[in-house]
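Notes to accompany the following structure.
The values are calculated or read from the model by the stated rules, or taken from the named source; none is laboratory data. None of these values were measured; they are calculated from a predicted model. Counting neighbours? That spans all protein chains shown, and the Cβs are built from the backbone with ideal geometry, glycine included.
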Amino acid sequence: MFKKFVLSMIAIIIMATVNVVVAGAEDKIIKIDGSSTVYPVTEAVAEEFQKAKKGAVKVTVGISGTGGGFKKFCRGETDISDASRPILKKEMDVCKEHGIEYIELPVAYDGLAVMVNPKNTWVTSMTVAELKTIWEPAAGGKITKWNHVKAEWPDAPLKLYGAGADSGTFDYFTEAIVGKAKSSRGDFTASEDDNVLVQGIAGDKNALGFFGLAYYEENRDKLKLVPIINPETGQSVFPSEKTVMDGTYQPLSRPIFIYVSKKAAGKPEIKEFVEYYLKNAAKLVQQVKYVPLPAKAYKLVEERFAKRKTGTLFGGEAKVGVKIEDLLKREEKGF
Amino acid sequence: MEDIKKRIRTIKFWNSVFWITGLLSTFVGLALLFTLLTDLFMDGSLRLSYKFFTSFPSRFPAEAGILSAWVGSFLVLLVTAYAAIPLGVATGIYLEEYAGKNWLTDIIEINIANLAGVPSIVYGLLALGLFVYFFKFGESILTGGLALALLILPMVIMATREAIRAIPNSIREASYALGATKWQTVQSHIIPYSTGGILTGIIIGLSRAIGETAPIITVGALTFIAFLPSSPFSSEFPFISFKWLFDPFTVMPIQMFNWVSRPQQEFQLNAAAAGIVLMIMTLLMNGFAIYIRYRFRKKIKW
């Protein structure tokens with residue numbers, strides 16, 4: 001009796017397994033992974049898209065960071081990669097090696113905000129040079145007080161907070177301020193969790209820190225925004241939707257991207273998803289407190305996808321201060 | 001006489017000093033746990049509702065729920081239990097009842113003791129290399145469950161061995177005296193008598209596995225997933241399906257971490273609510289373990 005039961009159980013399991021193997025490829029799943037900065041945008045689109053398709057297409061979104069996302073993407077494990085910076089040379093090489101062609105699509109802007117405590121009365125604006133004095137590797141252990149940066153600032157300890165070394169935010173900030181990605185002093189409070197930074201700056205009069213603009217929008221009452229002097233025009237500019245979009249808030253604003261595998265774009269559900277993404281980006285990007293591209297730019301990006309234009313606009317280098325005008329010009333040159 | 005009284009006083013003094021120290025130490029732990037729980041409940045209890053359990057994650061904090069997370073956690077634990085229990089219990093029985101005292105057994109024992117101390121992320125890396133890339137199971141429920149099974153395997157083995165060791169030798173001898181073979185002895189005496197201890201060990205292992213994040217992230221659990229794995233029942237013959245084993249998934253701790261790192265304050269409340277659910281799940285499992293131990297102890301009459 002017992003033996004018969006066990007045997008029939010085994011038979012059922014084997015049949016069910018065979019069923020799995022035979023019927024394996026039925027489901028339509030779109031796999032997305034990558035930057036935590038782009039995640040809220042992609043999540044919003046995925047949520048709406050799945051509702052619109054009534055569950056016929058499944059979308060998964062992971063957070064492996066821009067670099068981790070490209071690793072999976074270039075091995076062909078994901079269909080779309082979220083990226084908070086353009087693809088780098090060595091990542092392009094890996095993609096090439098595995099025969100993955102990609103379509104680079106800018107989807108929004110993100111501004112990095114420099115923040116101090118609301119009780120800080122002495123900082124009215126900062127230049128890139130001052131930020132560099134604070135953050136360059138040589139400052140470690142030496143620039144420890146506010147008056148080390150600028151003589152008229154008080155003789156008070158300088159407490160620093162910043163994004164952790166694995167984030168695209170850290171890469172971009174160091175690239176823009178110090179001039180070399182990942183090159184920074186080591187003696188600051190680093191966290192991948194921006195809420196930790198918000199708490200740190202909100203609780204310390206002598207604090208200074210940087211993170212994505214969206215986190216400031218949610219914590220306006222606890223933080224004070226520092227306007228940055230635009231190195232080209234010499235004017236001090238607050239980060240806001242307007243100044244990020246028109247390119248006057250420089251060098252701390254950047255475009256964020258999705259990379260679509262050309263092969264995956266051949267599937268109808270992925271084509272539909274990307275088209276849906278670009279069509280609804282402007283509205284959804286604002287909901288999650290990022291800055292949308294101008295309407296004209298989305299049109300060009302849609303065209304770029306329609307023509308399946310592969311490759312990157314950035315030549316595999318980290319570039320700082322890309323203005324929307326330049327991006328558009330590059331787009332036009334490309335066609 | 002005075003001398004003796006003085007000595008007794010000193011001894012009594014030190015006795016009470018230790019009593020107070022011990023009591024205070026206990027209170028530190030309890031007070032911390034209590035603060036943590038109150039904090040979680042104050043933040044999260046408002047969000048706990050039927051809808052919270054039946055909604056998928058969303059960008060709107062008020063609409064977001066933990067449906068995909070708790071289903072994912074449950075299915076992963078199911079795989080973990082199915083893999084770790086037979087392997088762990090069999091290993092434990094072998095080591096206690098069958099293995100001879102030789103260098104091979106020594107090596108196995110040292111390794112199991114060492115495995116219990118390996119950081120969980122290392123199991124994640126192992127699972128990534130073995131299950132995801134070598135066996136090509138993909139970033140699936142199966143991979144996650146097996147990774148956690150590796151993690152709790154040493155705990156299950158240890159618990160089995162402890163439980164078997166507690167059985168008096170006279171039971172074995174009586175069984176052999178009646179002509180039973182080793183397997184018959186194990187089957188009808190050793191396993192039934194040690195079931196309570198083994199189950200307790202398994203449940204404590206599983207309640208550790210449910211809170212593990214590192215190995216699950218390494219094997220590629222996802223953050224946003226707004227659909228459930230395929231159903232285990234199908235309308236066609238043979239009516240059950242194992243397709244869900246290969247579906248992508250997320251688990252409770254990952255969902256919590258994702259909410260904690262969001263800028264909106266409301267997401268923090270969601271994270272706290274998910275924390276309460278996770279805590280209650282763990283407490284229930286531990287409570288169940290205590291109950292089982294109690295019942296089996298009562299049943300055994302030697």
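Mind checking which helices (runs of 4 or more DSSP H) fall wholly inside the stretch B:1-117 and carry at least 3 residues that are within 14 Å of chain A (Cβ to nearest Cβ) and under 21 Å from the mean Cα position of the chain (by Cα)?
Here the list reads B:67-93.
Among A:V94, A:V61, A:V45, A:V114, which is the only one that is within 20 Å of A:L252 (Cα to Cα) and touching a Phe, Trp or Tyr at 6+ places or on another chain (Cβ under 9 Å)?
A:V114
Would you check if there is a residue in the stretch A:78-93 being at the interface with another protein chain (Cβ under 10 Å from one of its Cβ atoms) and modelled with pLDDT under 90?
no
Whether any residue in the stretch A:137-148 is of a type outside the set (S, T, Y), in contact with a strand residue (DSSP E or B) (Cβ under 9 Å, 6 or more places away or on another chain) and within 24 Å of A:F238 (Cβ to Cβ) is what I want to check.
Among the residues of the stretch A:137-148, at least one is of a type outside the set (S, T, Y), in contact with a strand residue (DSSP E or B) (Cβ under 9 Å, 6 or more places away or on another chain) and within 24 Å of A:F238 (Cβ to Cβ), which makes the answer yes.
Could you check the stretch A:66-84 and list, in sequence order, the residues that are surrounded by 23 or more Cβ atoms within 10 Å (Cβ to Cβ) and in contact (Cβ under 8 Å) with a residue 40 or more places away in the chain?
A:T66, A:F70, A:F73, A:T78, A:D79, A:I80, A:S81, A:D82, A:A83, A:S84
So B:G44 clears everything in (1) at pLDDT below 85; (2) in contact with an Asp or Glu (Cβ under 8 Å, 6 or more places away or on another chain) except one condition, right? Which one?
(2) is the only condition that B:G44 fails.
Mind checking whether some residue in the stretch B:21-37 is polar (S, T, N, Q) and surrounded by 11 or more Cβ atoms within 10 Å (Cβ to Cβ)?
No, there is no match, as no residue in the stretch B:21-37 is polar (S, T, N, Q) and surrounded by 11 or more Cβ atoms within 10 Å (Cβ to Cβ).
Taking the options B:P253, B:P229, name whichever one is surrounded by 15 or more Cβ atoms within 10 Å (Cβ to Cβ), touching a Pro at 6+ places or on another chain (Cβ under 9 Å) and either on the phi < 0 side of the Ramachandran plot or of a type in the set (V, I, T) (or both).
Checking each option against the conditions leaves just B:P229.
Quick check on this structure: which one of A:E241, A:E232 is away from chain B (no Cβ under 14 Å), of a type in the set (D, E, K, R) and surrounded by fewer than 16 Cβ atoms within 10 Å (Cβ to Cβ)?
Only one candidate passes the filter, namely A:E232.
Residues in the stretch B:272-284: is at least one assigned to a helix (DSSP H, G or I) and within 14 Å of chain A (Cβ to nearest Cβ)?
Yes, that holds for at least one residue.
State whether one or more residues within the stretch B:8-20 are surrounded by 11 or more Cβ atoms within 10 Å (Cβ to Cβ) and either out of contact with any strand residue (DSSP E or B) (no Cβ under 6 Å at 6 or more places or on another chain) or more than 28 Å from B:K243 (Cα to Cα) (or both).
The answer is no, given that none of the residues of the stretch B:8-20 is surrounded by 11 or more Cβ atoms within 10 Å (Cβ to Cβ) and either out of contact with any strand residue (DSSP E or B) (no Cβ under 6 Å at 6 or more places or on another chain) or more than 28 Å from B:K243 (Cα to Cα) (or both).
Name the one entry in A:T169, A:T124, A:T174 that is assigned by TED's automatic domain parsing to the domain that holds A:Y216, buried (at least 18 other Cβ atoms within 10 Å of the Cβ), out of contact with any helix residue (DSSP H, G or I) (no Cβ under 8 Å at 6 or more places or on another chain) and farther than 18 Å from A:G203 by Cα.
The match here is A:T169.
Name the residue that is nearest to A:L223 (Cα to Cα), counting only residues in the stretch A:118-157 that are touching a Phe, Trp or Tyr at 6+ places or on another chain (Cβ under 6 Å) and hydrophobic (A, V, I, L, M, F, W, C).
Top of the filtered list is A:W122.
I'd like to know if the stretch B:143-158 contains one or more residues that are without any contact (Cβ under 8 Å) to a residue 12 or more places away in the chain and either surrounded by fewer than 20 Cβ atoms within 10 Å (Cβ to Cβ) or within 14 Å of chain A (Cβ to nearest Cβ) (or both).
Looking for residues that are without any contact (Cβ under 8 Å) to a residue 12 or more places away in the chain and either surrounded by fewer than 20 Cβ atoms within 10 Å (Cβ to Cβ) or within 14 Å of chain A (Cβ to nearest Cβ) (or both), one finds none in the stretch B:143-158, hence no.
Pairs please, first residue from the stretch B:91-114 and over 16 Å from B:T185 (Cβ atoms), second anywhere and modelled with pLDDT of 90 or more and aliphatic (A, V, I, L, M), Cβ atoms under 6 Å, 6+ apart in sequence or on different chains.
Qualifying pairs under 6 Å: B:T91/B:I157; B:I112/B:I157.
For A:K296, are the conditions met, namely being at pLDDT below 90 and either acidic (D, E) or farther than 24 Å from A:T233 by Cα (or both)?
yes
Table: residues versus (1) modelled with pLDDT under 70; (2) surrounded by 13 or more Cβ atoms within 10 Å (Cβ to Cβ); (3) hydroxyl-bearing (S, T, Y); (4) within 36 Å of the chain's Cα centre (by Cα).
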| site | (1), (2), (3), (4) |
| --- | --- |
| A:L7 | yes, no, no, no |
| A:A16 | yes, yes, no, no |
| A:I30 | no, yes, no, yes |
| A:S35 | no, yes, yes, yes |
| A:Q50 | no, yes, no, yes |
| A:G62 | no, yes, no, yes |
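Take the residues in the stretch B:164-191 that are among the hydroxyl-bearing types (S, T, Y) and buried (at least 16 other Cβ atoms within 10 Å of the Cβ), then tell me which one is farthest from B:Y94 (Cα to Cα).
Among those residues, the one meeting the criterion is B:S175.
Go through the stretch B:179-189 and count every residue that is touching a helix residue (DSSP H, G or I) at 6+ places or on another chain (Cβ under 9 Å) and more than 17 Å from B:A99 (Cα to Cα).
Residues in the stretch B:179-189 being touching a helix residue (DSSP H, G or I) at 6+ places or on another chain (Cβ under 9 Å) and more than 17 Å from B:A99 (Cα to Cα): 3 in total.
Of A:K132, A:K145, which residue is basic (K, R) and touching a Gly at 6+ places or on another chain (Cβ under 9 Å)?
A:K132
Per-residue answers, yes or no, for (1) surrounded by fewer than 20 Cβ atoms within 10 Å (Cβ to Cβ); (2) out of contact with any helix residue (DSSP H, G or I) (no Cβ under 8 Å at 6 or more places or on another chain); (3) at pLDDT below 90:
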site	(1), (2), (3)
A:G247	yes, no, yes
A:Q250	no, yes, yes
A:P255	no, no, yes
A:I258	no, no, no
A:K271	yes, no, no
A:V274	no, no, no
A:L284	no, no, no
